[in-house]
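Participant: Below are the structure tokens for one structure; questions will follow.
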Amino acid sequence: MTPAVIASVETMLEKWKGQEGKEIEVFQEFRLLTSEVISRTAFGSSYLEGEKIFAMLKELSIIMSRNNFKTRIPLINKLWKPVDMLKSEELAKGIQDCVMKIVKKREDKVVNGEADSFGNDFLGLLVNAYHDSNENNRLSVEDLVDECKTFYFAGQETVNSLLAWIVLLLATHGDWQDKARREVIDIFGNRNPDSEGISKLKTITVIIYETLRLYGPSNGLQRSVTREVQLGKLVLPANIDILVQNIALHHDPHQWGDDVHLFKPERFEEGIAKATNYNAAAFFPFGLGPRSCVGMSFAITETKVALSMILQRYTINLSPAYVHSPMPILAIRP
């Protein structure tokens, strides 16, 4: 998937030409970039085709976040539905229609002989499962749409947030920006990143880890307890939901020291195990165990490619306007 990521980053950087010395609102730029990447790599389409889905998912996530901890009266929704519930149902229907339209285009290509398979990208694998001859393995329409929703949203939102925080931190920590740029130039020169070189980016890797620790895209991990289990001194009964606040663990001074709130990528220079004193549960930005995020490698690779290509061409400076802006606005200099 690396060539598709590179092509998307090239498109973004092409837009930046002529903007040297001017302010660029990078959060918005990275939102478009990550949307384009997930559209190309997972769905074989462009951002424009998935734009409506991204917009509806964003609106749906806002509704969900403001209703997450509201207490509901059982059965009341059968008699009366609040505005947010009606809107969320409308959005869910709209998302399903858009996803199925993309699926239909993929199916039509096979039916019309334009393609001999549904493809081997993420959508192709889902459509194959949707048409599986074995009924026990077959994916339902609901599952197909839900998988697409998850991949669209998680694959876009998390990397968008991560990239924005990294460039903000590099703008305010010039020594690490210089160190990262030297590494990128040493490994790639002026060439585009490749898979072999990406695996050698040690400085970029520790910068990513430290950013994930300080400002991870997810601040908690929801899990369901399926059977009674003892957790330290606590006994957790079956059939309850728990929220593990990884943001608290990532900012625990007992684990990370008194400088826990400072940006110090050197913590990870000898690896995650050494940085966490071999405590696996001290650092888990992508979850933990068999249900950890399947997109972790994808997200890290995308971040490394984008960051390398930016550092090859530009110096990142914090704009004076940042103090008046809720989002990072960076002055990009060649």
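Participant: Would the stretch 123-134 turn up any residue that is under 25 Å from Ser61 (Cα atoms), in a helix (DSSP H, G or I) and among the small types (Gly, Ala, Ser)?
Facilitator: No, because not a single residue in the stretch 123-134 is under 25 Å from Ser61 (Cα atoms), in a helix (DSSP H, G or I) and among the small types (Gly, Ala, Ser).
Participant: For the subset of the stretch 27-50 comprising residues that are free of Cβ contacts under 8 Å to residues at least 40 places away in the same chain and more than 22 Å from Phe118 (Cα to Cα), which member is surrounded by the most Cβ atoms within 10 Å (Cβ to Cβ)?
Facilitator: Taking the candidates together, the pick is Glu29.
Participant: Another question about this same structure. Could we say that Pro74 is surrounded by 13 or more Cβ atoms within 10 Å (Cβ to Cβ), out of contact with any Gly (no Cβ under 8 Å at 6 or more places or on another chain) and over 24 Å from Leu48 (Cβ atoms) here? Break it down into steps so the answer makes sense when it comes.
Facilitator: Numbers: surrounded by 13 or more Cβ atoms within 10 Å (Cβ to Cβ): no; out of contact with any Gly (no Cβ under 8 Å at 6 or more places or on another chain): yes; over 24 Å from Leu48 (Cβ atoms): yes.
It is false that Pro74 is surrounded by 13 or more Cβ atoms within 10 Å (Cβ to Cβ), out of contact with any Gly (no Cβ under 8 Å at 6 or more places or on another chain) and over 24 Å from Leu48 (Cβ atoms).
Participant: Oh, and also: For the stretch 91-108, does any single residue satisfy the condition of being farther than 18 Å from Glu147 by Cα and either among the hydrophobic types (A, V, I, L, M, F, W, C) or in a loop (DSSP other than H, G, I, E, B) (or both)?
Facilitator: no
Participant: Identify the single condition in (1) touching a strand residue (DSSP E or B) at 6+ places or on another chain (Cβ under 6 Å); (2) within 19 Å of Ala171 (Cα to Cα) that Tyr215 does not satisfy, given that it satisfies every other one.
Facilitator: Unmet condition: (1).
Participant: Next question. Report yes if some residue within the stretch 159-166 is small (Gly, Ala, Ser) and either closer than 30 Å to Met56 by Cα or touching a residue at least 40 places away in the same chain (Cβ under 8 Å) (or both); otherwise report no. Please lay out each step first, then the result.
Facilitator: Step one: of the stretch 159-166, the residues small (Gly, Ala, Ser) are 161, 164.
Pick out the ones that are also either closer than 30 Å to Met56 by Cα or touching a residue at least 40 places away in the same chain (Cβ under 8 Å) (or both) and you get 161, 164.
Yes; the residues of the stretch 159-166 include at least one that is small (Gly, Ala, Ser) and either closer than 30 Å to Met56 by Cα or touching a residue at least 40 places away in the same chain (Cβ under 8 Å) (or both).
Condition check ((1) surrounded by 21 or more Cβ atoms within 10 Å (Cβ to Cβ); (2) hydroxyl-bearing (Ser, Thr, Tyr); (3) modelled with pLDDT of 95 or more; (4) more than 22 Å from Glu10 (Cα to Cα)) across all residues:
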| position | (1), (2), (3), (4) |
| --- | --- |
| Lys179 | no, no, yes, yes |
| Ile187 | no, no, yes, no |
| Asn190 | no, no, no, no |
| Asp194 | no, no, no, no |
| Leu201 | yes, no, yes, no |
| Ile204 | yes, no, yes, no |
| Thr211 | yes, yes, yes, yes |
| Asn219 | no, no, no, yes |
| Ser224 | no, yes, no, yes |
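Participant: Quick test of your reading of the structure: Ser161 fulfils all but one of (1) of a type outside the set (A, V, I, L, M); (2) more than 30 Å from Leu212 (Cα to Cα); (3) part of a helix (DSSP H, G or I); (4) open to solvent by less than 50 Å² (accessible area, probe 1.4 Å). Name the failing condition by number.
Facilitator: Failing condition for Ser161: (2).
Participant: Among Leu79, Leu91, Leu48, Leu75, which is the only one that is modelled with pLDDT of 80 or more and aliphatic (A, V, I, L, M)?
Facilitator: On the way: Leu79 fails: modelled with pLDDT of 80 or more; Leu48 fails: modelled with pLDDT of 80 or more; Leu75 fails: modelled with pLDDT of 80 or more.
Among Leu79, Leu91, Leu48, Leu75, only Leu91 is modelled with pLDDT of 80 or more and aliphatic (A, V, I, L, M).
Participant: Does Glu183 meet the test of being touching a helix residue (DSSP H, G or I) at 6+ places or on another chain (Cβ under 6 Å), open to solvent by less than 20 Å² (accessible area, probe 1.4 Å), among the charged types (D, E, K, R) and assigned to a helix (DSSP H, G or I)?
Facilitator: Details: touching a helix residue (DSSP H, G or I) at 6+ places or on another chain (Cβ under 6 Å): yes; open to solvent by less than 20 Å² (accessible area, probe 1.4 Å): no; among the charged types (D, E, K, R): yes; assigned to a helix (DSSP H, G or I): yes.
Answer is no for this residue.
Participant: Is it the case, given these coordinates, that Glu196 is assigned to a helix (DSSP H, G or I) and more than 23 Å from Asn160 (Cα to Cα)? Walk me through it before giving the result.
Facilitator: On the way: assigned to a helix (DSSP H, G or I): yes; more than 23 Å from Asn160 (Cα to Cα): yes.
Against the criterion (assigned to a helix (DSSP H, G or I) and more than 23 Å from Asn160 (Cα to Cα)), Glu196 qualifies.
Participant: Specify which of the listed residues (Asp143, Asp116, Asp108) is without any contact (Cβ under 8 Å) to a residue 24 or more places away in the chain, under 16 Å from Ser45 (Cα atoms) and exposed (fewer than 15 other Cβ atoms within 10 Å of the Cβ). It would help to see each step written out before you state the result.
Facilitator: Details: Asp143 fails: under 16 Å from Ser45 (Cα atoms); Asp116 fails: under 16 Å from Ser45 (Cα atoms).
On inspection, the qualifying residue turns out to be Asp108.
Participant: Sticking with this structure for a sec: Return the residue satisfying two criteria in turn: it lies in the stretch 278-323 and is over 21 Å from the mean Cα position of the chain (by Cα) and of a type in the set (Gly, Ala, Ser), and of such residues it is nearest to Arg213 (Cα to Cα).
Facilitator: Step one: list which residues in the stretch 278-323 are over 21 Å from the mean Cα position of the chain (by Cα), which gives 278-280, 312-323.
From what's left, of a type in the set (Gly, Ala, Ser): 280, 319, 321.
Details: Ala280: 14, Ser319: 25, Ala321: 27 Å.
Filtering the stretch 278-323 for residues that are over 21 Å from the mean Cα position of the chain (by Cα) and of a type in the set (Gly, Ala, Ser), the one nearest to Arg213 (Cα to Cα) comes out as Ala280.
For every residue, the table says whether it meets (1) in a loop (DSSP other than H, G, I, E, B); (2) of a type in the set (A, V, I, L, M, F, W, C).
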| site | (1), (2) |
| --- | --- |
| Ser39 | no, no |
| Glu51 | no, no |
| Ala55 | no, yes |
| Ile62 | no, yes |
| Lys70 | yes, no |
| Lys87 | no, no |
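Participant: How many residues does the stretch 119-140 hold that are touching a Lys or Arg at 6+ places or on another chain (Cβ under 6 Å) and either open to solvent by 70 Å² or more (accessible area, probe 1.4 Å) or small (Gly, Ala, Ser) (or both)?
Facilitator: Residues of the stretch 119-140 that are touching a Lys or Arg at 6+ places or on another chain (Cβ under 6 Å), as a first pass: 127, 132.
Filter once more, keeping what is either open to solvent by 70 Å² or more (accessible area, probe 1.4 Å) or small (Gly, Ala, Ser) (or both): none.
Residues that pass the stated criteria total 0.
Participant: Okay, moving on. Right, Phe122: within 23 Å of the chain's Cα centre (by Cα), more than 25 Å from Trp165 (Cβ to Cβ) and of a type in the set (Phe, Trp, Tyr) or not? Let's see the steps before the verdict.
Facilitator: Details: within 23 Å of the chain's Cα centre (by Cα): yes; more than 25 Å from Trp165 (Cβ to Cβ): yes; of a type in the set (Phe, Trp, Tyr): yes.
So Phe122 fits the description; yes.
The values are calculated or read from the model by the stated rules, or taken from the named source; none is laboratory data. Computed from a predicted structure; not experimentally measured. FYI the Cβ positions are ideal-geometry reconstructions off the backbone, even for glycines, and counts take in every protein chain you see. Ligands, DNA and RNA are stripped out before the accessible areas are found, and what is left, the full protein with its side chains, is counted by its heavy atoms. Shrake-Rupley method; radii C 1.70, N 1.55, O 1.52, S 1.80 Å.
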